[in-house]
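Inspection log for the structure reproduced underneath, given as structure tokens.
Here, each number is a calculation from the coordinates, and none is a lab measurement. Nothing here was measured: the structure is a model prediction, and the numbers come from that model. Glycine gets a Cβ as well: all are built from the backbone with ideal geometry, and neighbour counts include every protein chain shown.
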Amino acid sequence: MDYLSFRHHTQYFAVPIDAVRFIAAENALKPTQVSTGNSRQFDMVDYDGQACAILSLARLLNQPSERTRSRDLVRLLHDREQDHLSWISALRNALENDTPFEKQRNPDLCAFGQWYRQFTTDDPQLSHIMSRFDKPHRRLHALADELLTLSEQGRHDDAMAILSEHEAVTLSKLTSLFAEARDIVQMKVRPTVIMLQVNESQVVGLKVDDVGEVFECRAEQADQHTDYLPAFAKRWLKEIRSGKGTVTVMEIDPGRLLSSAA
């Protein structure tokens, strides 16, 4: 039997290919929000003259969607960029007015540094960009001790000249990396809606983060155990080829989606 696969974070899912009627990017649809009698709200779209509910896989799983995670990451990157703009401004103020500099000097202990050391991603583009942060970030933080020492030694003009140079080069490099990282994160989020035939007369849409490939599953790969399956799932499909290895896939029963969302 053939299936269409898709992912939510690291979990793999699939629906029978025979149930798939249409696949569209979410932004190509124009949903209307409709309230139901039990105070629930659904996005509805017109498909082939029929009003169809759009359900979110993330919501069915009671987990944040990739869009939500990406939005949070973009906001974090913006905030951490602003931290370093404020940091360099505070250093300039300390040098110009001979006032204490109270910002974090250790690059591993600032808010970004602590987050950066823990951050991981399986996206090669984002991973490459993030790997380029370390050098300019450390160089920027090193300026505090370096320039304040120069100023204390009576070389105030030299300290200000070096600061201006690093504002134009090091800080600009860092802000460019923040912008690149945000662009990559936003570009990767492209929710897709799979229109599924749930019975002879009804179609529903399932919004997913990442549509995969069509694969074939043999009867012996279907696991009849229902352990850890949510109400909308039918069974586990074992040893499904994906990339260079095999994965376990949760088969979704389209006919159970609406009752699970109610």
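Here are the numbers:
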{"read-out": "Sequence-separation-based contact order of the range 66-188, relative, with Cα cut under 8 Å and 6+ spacing, percent", "value": "38 percent"}
{"read-out": "³J(HN,Hα) computed for each position of the range 63-68 - Karplus, 6.51 cos²θ - 1.76 cosθ + 1.60, integer Hz, glycine/proline x", "value": "10, x, 6, 4, 5, 5"}
{"read-out": "Share of pairwise Cα separations in the chain, more than 22 Å, in percent", "value": "66 percent"}
{"read-out": "Fluctuation leader among Asp18, Asp227, Asp134 - the chain, Gaussian network, Cα springs under 10 angstrom", "value": "Asp227"}
{"read-out": "Pairwise FRET efficiency - His128 versus Gln50, Cβ, R0 = 41 Å, nearest 0.05", "value": "0.35"}
{"read-out": "DSSP-assigned coil residues among GluC sites (Glu not before Pro) in the range 166-262, each with at most 13 further Cβ atoms within 10 Å", "value": "Glu200"}
{"read-out": "Per-residue HN-Hα couplings for the range 123-139 [Karplus 6.51, -1.76, 1.60; θ = phi - 60°; Hz; x = Gly/Pro]", "value": "8, x, 5, 5, 4, 5, 5, 5, 5, 8, 6, 4, 5, x, 5, 5, 5"}
{"read-out": "Sites matching trypsin sites (Lys or Arg not before Pro) across the range 163-262 that sit in DSSP coil, with at most 15 neighbouring C-beta atoms within 10 Å", "value": "Arg218, Lys244"}
{"read-out": "Pairs beyond 26 Å (Cα-Cα), from Lys103/Lys188; Lys30/Lys238; Lys103/Lys173; Lys103/Lys135", "value": "Lys103/Lys188; Lys30/Lys238"}
{"read-out": "Sequence-distant lysines (8 or more away, or on other chains) whose Cα lies within less than 20 Å of Lys234", "value": "Lys207"}
{"read-out": "Order of Thr170, Thr226 under a 10 Å beta carbon neighbour criterion, fewest first", "value": "Thr226, Thr170"}
{"read-out": "For the range 154-163, 3J(HN,Hα) per residue [Karplus equation, 6.51 cos²θ - 1.76 cosθ + 1.60, θ = phi - 60°, Hz, x = Gly/Pro]", "value": "x, 9, 4, 5, 5, 4, 5, 5, 5, 4"}
{"read-out": "Cut-off under 5 Å, modelled amide H: who pairs with Leu55 long-range", "value": "Gly205, Leu206, Lys207"}
{"read-out": "The range 211-246: chymotrypsin sites (Phe, Trp or Tyr not before Pro) in DSSP coil with no more than 15 other Cβ atoms inside 10 Å", "value": "Tyr228"}
